[in-house]
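The structure under discussion appears below in the form of structure tokens.
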Amino acid sequence: MDLHALVSLFDSTLHPEPEVRQNAEQQLQQLEAHDGFLSTLLQMISSADLPLGTKQAASIYFKNRIRRSWSGLHHQQQLHPPIGENDRNVTRDNILGGIYAAPQSIKLQLTECLGIMLKHDFPEKWPQFIVHTKELLHAQDAQKVYTGLLALLEVIKVYRFSVTKRDIIDEIAKELFPQVQHIAEEA
């Protein structure tokens, strides 16, 4: 997927002329079915070189795409193209880094995406999530620790009321809460 072409399309979605905006939105809808679309959006969102407005437009589109299609339910696939397995893998591998690199206003969009992804993929399709979160919580960089805390909050929100998956919360508590306690004591 061509990063520069996507940047140009998202810039066009912010154009004052309605025809230019609508044309860009139609092109984005056609491109979203292509493998690599989500991972390229995440690359855009994480880039320090792009204007905030462009990154915000991309993050909203990213969030809506995740919200509509991440579950992979058949009735949703009829309305919106499914997300390919390669795009899912790359997105899972890079979402925490994207949250880390994003400005605060975009962190909120990406954190919501993380919650949706965790709801459908953790722990079966994303067993390394806890390992990555633990690494973030042990980092010396305050923004990495903050990203780890956001990730922990999202996974807790997904399973907080689950009676049948209580063992997942117990494992998370065993793995991550000692470091969270250490962080709190150091603050």
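Among what's in segment 1-34 and is free of Cβ contacts under 8 Å to residues at least 40 places away in the same chain and not in a helix (DSSP H, G or I), pick the residue that is farthest from the chain's Cα centre (by Cα).
Selected residue: Glu17.
Against the definition (outside any loop (DSSP other than H, G, I, E, B), of a type in the set (A, V, I, L, M) and under 22 Å from Gln128 (Cα atoms)), how does Ile95 come out, yes or no?
Details: outside any loop (DSSP other than H, G, I, E, B): yes; of a type in the set (A, V, I, L, M): yes; under 22 Å from Gln128 (Cα atoms): yes.
Here the answer is yes, as Ile95 does meet what is asked.
Any residue at all in segment 115-127 that's assigned to a loop (DSSP other than H, G, I, E, B) and open to solvent by less than 30 Å² (accessible area, probe 1.4 Å)?
As a first pass, look at segment 115-127 and keep what is assigned to a loop (DSSP other than H, G, I, E, B): 122-127.
This time we only want the ones that are open to solvent by less than 30 Å² (accessible area, probe 1.4 Å), so: 122, 126.
Within segment 115-127 (the criterion being assigned to a loop (DSSP other than H, G, I, E, B) and open to solvent by less than 30 Å² (accessible area, probe 1.4 Å)), the answer is yes, since at least one residue qualifies.
Identify the residue in segment 135-153 that is open to solvent by 70 Å² or more (accessible area, probe 1.4 Å) and either in contact with a strand residue (DSSP E or B) (Cβ under 8 Å, 6 or more places away or on another chain) or assigned to a helix (DSSP H, G or I) (or both) and, among all such residues, is farthest from Ala184 (Cα to Cα).
The qualifying residue farthest from Ala184 (Cα to Cα) is Glu135.
Restricting the search to segment 20-63, which residues are farther than 24 Å from Ser105 by Cβ, surrounded by fewer than 14 Cβ atoms within 10 Å (Cβ to Cβ) and of a type in the set (A, V, I, L, M, F, W, C)?
Ala33 - this is the single residue of segment 20-63 that is farther than 24 Å from Ser105 by Cβ, surrounded by fewer than 14 Cβ atoms within 10 Å (Cβ to Cβ) and of a type in the set (A, V, I, L, M, F, W, C).
Scan segment 166-184 and tell me whether some residue there is among the basic types (Lys, Arg), free of Cβ contacts under 8 Å to residues at least 40 places away in the same chain, more than 30 Å from Leu50 (Cα to Cα) and part of a loop (DSSP other than H, G, I, E, B).
Checked segment 166-184: no residue is among the basic types (Lys, Arg), free of Cβ contacts under 8 Å to residues at least 40 places away in the same chain, more than 30 Å from Leu50 (Cα to Cα) and part of a loop (DSSP other than H, G, I, E, B).
The values are calculated or read from the model by the stated rules, or taken from the named source; none is laboratory data. These numbers were taken from a predicted model, which means no experiment stands behind them. For neighbour counting, all protein chains shown are included, and Cβ atoms are generated from backbone atoms with ideal geometry for every residue, glycine included. Quick note on the areas: whole protein, heavy atoms, side chains included, nothing else; ligands and nucleic acids left out. Shrake-Rupley method; radii C 1.70, N 1.55, O 1.52, S 1.80 Å.
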